[in-house]
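Q: Here it is, the structure in full.
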Amino acid sequence: MNTGTPLVEMRDISIAFGGIKAVDHVTIDLYPGEVVGLLGHNGAGKSTLIKCLSGAYNADSGQVLINGNEVEIKNPRDARSQNIETIYQTLALADNLTAAGNLFLGRELVSSRGFLDESAMEAETRKIMGRLNPNFRKFNVPVSALSGGQRQSVAIARAVYFNAKILIMDEPTAALGPHETQMVSELIQELKTQGLGIFLIEHDIHNVMKLCDRASVMKNGQLVGTVNVNEVTDEDILSMIILGKKPAKAA
Amino acid sequence: MTTAPHSRPASNDVKGSLFSRFAAATEIDTRLLGMAGALLLIWFGFHFYGVLVRGEGFFLTPRNLWNLSVQMCSIGVMATGMVLVIVTRNIDLSVGSVLGFVGMVMGLLQVEWLPPYLGLGHPAIWIITVAVGLSLGVLIGALNGVLIAYLAIPSFIVTLGGLMAWRGAAFLMASGRTISPVDSNFALLGGGPYGSVGSTGSWIIGAVACAAIIYGLFASRANRRKHDFPQRPVWAEAFMGAFGCALVLGSVLVVDNYFWPKGIVKKYIEDNHLTVAPEDLFIAQGFAYPVLILVVVAMLMTVLMTRTRFGRYVFAIGGNPEAAALSGINVRWMTVKIYALMGMLAALSAVISSARLTSATNALGQTDELYVIAAAVIGGTSLAGGVGTIYGAVLGALVTESLRTGMVLIGFDTAVQNIVVGLVLIVAVYLDIIYRKRTK
Ligand SMILES: Nc1ncnc2c1ncn2[C@@H]1O[C@H](COP(=O)(O)OP(=O)(O)O)[C@@H](O)[C@H]1O
Ligand SMILES: [Mg+2]
């Protein structure tokens, strides 16, 4: 179905912590305008795998290719400069900073004299939050004072604001209610039509079937297989997750 | 200041007591008011103790307040740096010993090493000495930072080692001798009759400071209007301006009423071949140089912490080191820079305190680390990280030094002083915990 050069290719990635092979020779790819679901039980290695792409971890072996060119992503800065943005499962927010402080963390807007431009950052934050979460009002308090859903929307805003080409979302709806989850779904679809490639780690199989074009399933650090979502049923995917085997018909 | 370095509560939607409405309208942090209250309590407490017990108040006199202002500078300067260290969840126990070591090197430099080449009293001596001292401080601090950040040795251990090692090194440098007297220009940096700006200078500084306060209020109002942020009520702005200026001019009045001691006046009259009687000549001290150094350091550090990326990263690392790293902040390099800055400030304090003593002794800066940490923590810096302000730390230094001076004046000996300051530290942190729970 996909032709041409993938936006992202992670080839033969392995990483171990102590004796544990958290990711074991995994290869996945992602095309522009595509959503690839990453599935698997807790501890399967999904977060660890995407952290090798976001620069949080350095893989022990394997390659990362962006638009067909091998790149070295040694730290989060490298990933950001490749237009890779990440929403971490832990959200990775500094609790003592405001929404704007977190949104621009590491990429602050500064005035011509090099000082932080708080007003501009707050104004930008109001704009993007107005789009993502119109009810959001808590601009002048530290994010520790926000609800789980509000925090999540700050983390999402941070990933979306900087014109990512590649978006990694690690369980982005974990802390959200049904209404907010619906908004995230719409956002994913909108970003997809803009041509972004999205890795989506998601547990809800219905969301996977609805949002993803392909699904890669992991178990015990290994890749079970990748399937086109419209060629399989949700039971097929569930059995891949549970049994660790690819269904025969979707080869 | 509770947490977000730039939180801006809307001022018009707060109900409650007159006091909380006042605090909200002026946007004065209630914790700052608490500290100011504690300070006044200490000051008036000591003063009236004197009035009652000795028939004479000795605390709220120009002489004592001027001395207090000079005495707090060394601790105050270091406390501003300790805020950054503690905010990033580290500690620096070595500052007192680093102060001692740098002080000793600077003492040797200006008394024994440089004069043979430059001649005694050469005007470049103090400049070279200060430059070498500050650079040495940066290097020592950076070394601490490297050990902590890149070798992952806990900061408590690295700086505990430093506490012992640098004290020992200071002793070895001069084989235990006291090095004195320091260069006469250098000595001015410690204050004293000649190391102060005098009456005219103090009034000029006061006027400039008042102008800056009023300008700042207008500028912030204009900025808020530009961005449609809520304005403070005009009465609150007027109060802030008036209060700030009163504080500034009040301190000018105090330092303008503390005069040169008679002995120095006599010498001054002789040196200048004047014909007045020493009893009739009153020369005001004005602000001492070390006080001006502290004020400038505090302002620069405040700008650094609240207006720059560096400061933002300090808070981010304290709030969530992992998140900071995932945002592309080089946490290790930041740690090195923070400790280097701390080292430089310890060296600056070495300048101030050895200049004040006009000598470098082995005991210079001993136990200072405890007072510096106490000042930062009493000033609201949270040991859990992520929270702290420069002005709080300076106020904290003023509180601990007020306690110390007051107790000396009363005649408490060092043992009792230590007990009291120790208890105050614990109580202050306990009150802070309660305060934070309430405001959550
Ligand atoms: N920093 C780390 N140190 C040690 N073990 C880790 C680390 N990160 C992940 N692991 C281990 O790697 C495995 C995969 O974890 P993870 O990637 O978080 O799984 P998932 O996201 O699929 O739930 C787990 O066994 C986990 O304990
Ligand atoms: Mg995970």
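Q: Give me the residue from the stretch B:306-318 that is in a helix (DSSP H, G or I), more than 23 Å from residue A:79 (Cα to Cα) and touching a strand residue (DSSP E or B) at 6+ places or on another chain (Cβ under 9 Å) and, out of that set, nearest to the other protein chains (Cβ to nearest Cβ).
A: Ranking the qualifying residues of the stretch B:306-318, first place goes to B:307.
Q: Name the single residue that is farthest from the other protein chains (Cβ to nearest Cβ) among those in the stretch A:115-138 being open to solvent by less than 40 Å² (accessible area, probe 1.4 Å) and part of a loop (DSSP other than H, G, I, E, B).
A: Here the residue is A:133.
Q: Determine if the stretch B:347-355 includes at least one residue that is touching a Cys at 6+ places or on another chain (Cβ under 8 Å) and farther than 21 Å from residue B:64 by Cβ.
A: yes
Q: Among the numbered conditions (1) at pLDDT 95 or above; (2) out of contact with any Leu (no Cβ under 9 Å at 6 or more places or on another chain); (3) away from chain B (no Cβ under 14 Å), tell me where residue A:52 comes up short.
A: That leaves (3) as the condition not met.
Q: Shifting gears a bit: Got a sec? Which of A:205, A:168, A:201 is within 16 Å of ligand 1 (Cβ to nearest atom), within 14 Å of chain B (Cβ to nearest Cβ) and of a type in the set (Val, Ile, Thr)?
A: From the options A:205, A:168, A:201, the qualifying one is A:168.
Q: Continuing with this model, one more query. Give me the pairs, please: first residue somewhere in the stretch A:18-30 and under 19 Å from residue A:6 (Cα atoms), second residue anywhere and within 11 Å of ligand 1 (Cβ to nearest atom), beta-carbon distance under 6 Å, and either six or more positions apart or on two chains.
A: A:26/A:49
Q: I'm trying to understand the selection: among the residues of the stretch A:200-217, which are of a type in the set (A, V, I, L, M, F, W, C) and either within 14 Å of ligand 2 (Cβ to nearest atom) or touching a Gly at 6+ places or on another chain (Cβ under 8 Å) (or both)?
A: If the condition is that a residue be of a type in the set (A, V, I, L, M, F, W, C) and either within 14 Å of ligand 2 (Cβ to nearest atom) or touching a Gly at 6+ places or on another chain (Cβ under 8 Å) (or both), then A:200, A:201, A:208, A:211, A:212, A:215, A:217 are the ones that fit.
Q: A further question on this structure: So in the stretch A:139-152, with the set limited to residues that are aliphatic (A, V, I, L, M) and touching a strand residue (DSSP E or B) at 6+ places or on another chain (Cβ under 9 Å), which one is farthest from the other protein chains (Cβ to nearest Cβ)?
A: A:143
Q: Which of the residues that make up the stretch A:41-72 are more than 9 Å from ligand 2 (Cβ to nearest atom), touching a residue at least 60 places away in the same chain (Cβ under 8 Å) and either in contact with a Cys (Cβ under 9 Å, 6 or more places away or on another chain) or open to solvent by less than 20 Å² (accessible area, probe 1.4 Å) (or both)?
A: Correct list: A:49, A:53, A:54, A:66.
Q: In addition: From B:336, B:331, B:303, grab the single residue that is within 14 Å of chain A (Cβ to nearest Cβ) and either of a type in the set (Phe, Trp, Tyr) or open to solvent by less than 50 Å² (accessible area, probe 1.4 Å) (or both).
A: Only one candidate qualifies: B:331.
Q: Just to be sure, is residue A:99 open to solvent by less than 10 Å² (accessible area, probe 1.4 Å) and closer than 22 Å to residue A:14 by Cβ?
A: No.
Q: Looking at the stretch A:76-101, which of the residues that are part of a loop (DSSP other than H, G, I, E, B) and more than 7 Å from chain B (Cβ to nearest Cβ) is nearest to residue A:201 (Cα to Cα)?
A: A:89
Q: So, in the stretch B:219-271, exactly how many residues are buried (at least 17 other Cβ atoms within 10 Å of the Cβ) and of a type in the set (Val, Ile, Thr)?
A: Within the stretch B:219-271, residues that are buried (at least 17 other Cβ atoms within 10 Å of the Cβ) and of a type in the set (Val, Ile, Thr) number 5.
Q: Tell me the helices (runs of 4 or more DSSP H) entirely within the stretch B:27-101 that contain at least 3 residues that are over 17 Å from the mean Cα position of the chain (by Cα).
A: Fully inside the stretch B:27-101 and qualifying: B:30-54, B:62-71.
Q: Now for a separate question. Tell me, yes or no, whether the stretch A:60-74 has at least one residue that is within 13 Å of ligand 1 (Cβ to nearest atom), away from every other protein chain (no Cβ under 14 Å) and at pLDDT 95 or above.
A: The answer is yes, given that some residue of the stretch A:60-74 is within 13 Å of ligand 1 (Cβ to nearest atom), away from every other protein chain (no Cβ under 14 Å) and at pLDDT 95 or above.
Q: Residues in the stretch B:176-218 that are of a type in the set (Ser, Thr, Tyr) and either surrounded by fewer than 18 Cβ atoms within 10 Å (Cβ to Cβ) or within 14 Å of chain A (Cβ to nearest Cβ) (or both): how many?
A: Selection size over the stretch B:176-218: 6.
Q: Do we find a residue being touching a residue at least 40 places away in the same chain (Cβ under 8 Å), among the aliphatic types (A, V, I, L, M) and closer than 21 Å to residue B:29 by Cα anywhere in the stretch B:203-221?
A: No.
Q: For the stretch A:148-156, indicate whether the set of residues that are open to solvent by less than 40 Å² (accessible area, probe 1.4 Å), within 16 Å of ligand 2 (Cβ to nearest atom) and under 13 Å from the mean Cα position of the chain (by Cα) is non-empty.
A: So far as the stretch A:148-156 goes, yes, one or more of its residues are open to solvent by less than 40 Å² (accessible area, probe 1.4 Å), within 16 Å of ligand 2 (Cβ to nearest atom) and under 13 Å from the mean Cα position of the chain (by Cα).
Q: Residues that are open to solvent by 20 Å² or more (accessible area, probe 1.4 Å), within 22 Å of residue A:234 (Cα to Cα), away from every other protein chain (no Cβ under 14 Å) and away from ligand 1 (no atom under 16 Å from the Cβ): does the stretch A:1-15 have at least one?
A: yes
Q: Still on this structure, I have one more. Those residues that are within 23 Å of residue B:92 (Cβ to Cβ), open to solvent by 50 Å² or more (accessible area, probe 1.4 Å) and in contact with a Phe, Trp or Tyr (Cβ under 9 Å, 6 or more places away or on another chain), I need them from the stretch B:376-435; list them, please.
A: Listed by number, the list holds a single entry, B:404.
Q: Another question, if that's okay. Among the residues of the stretch B:240-272, write down those that are assigned to a helix (DSSP H, G or I), among the aromatic types (Phe, Trp, Tyr) and closer than 19 Å to residue B:200 by Cα.
A: Once the filter is applied, which keeps residues that are assigned to a helix (DSSP H, G or I), among the aromatic types (Phe, Trp, Tyr) and closer than 19 Å to residue B:200 by Cα, the stretch B:240-272 yields only B:268.
Q: Any idea how many residues of the stretch A:103-114 are at the interface with chain B (Cβ under 8 Å from one of its Cβ atoms) and not in a loop (DSSP other than H, G, I, E, B)?
A: 1
For every residue, the table says whether it meets (1) open to solvent by less than 20 Å² (accessible area, probe 1.4 Å); (2) under 21 Å from residue B:394 (Cα atoms).
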| residue | (1), (2) |
| --- | --- |
| B:89 | no, yes |
| B:92 | yes, yes |
| B:110 | yes, no |
| B:114 | no, no |
| B:126 | no, no |
| B:132 | no, no |
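The values are calculated or read from the model by the stated rules, or taken from the named source; none is laboratory data. Predicted, not measured: the structure shown is a model, and the values here were computed from it. Using ideal geometry, Cβ is built from the backbone for each residue, glycine included, and neighbour counts are taken over all protein chains shown. Heavy atoms of the whole protein, side chains included, go into the accessibility calculation; ligands, DNA and RNA do not. Shrake-Rupley method; radii C 1.70, N 1.55, O 1.52, S 1.80 Å.
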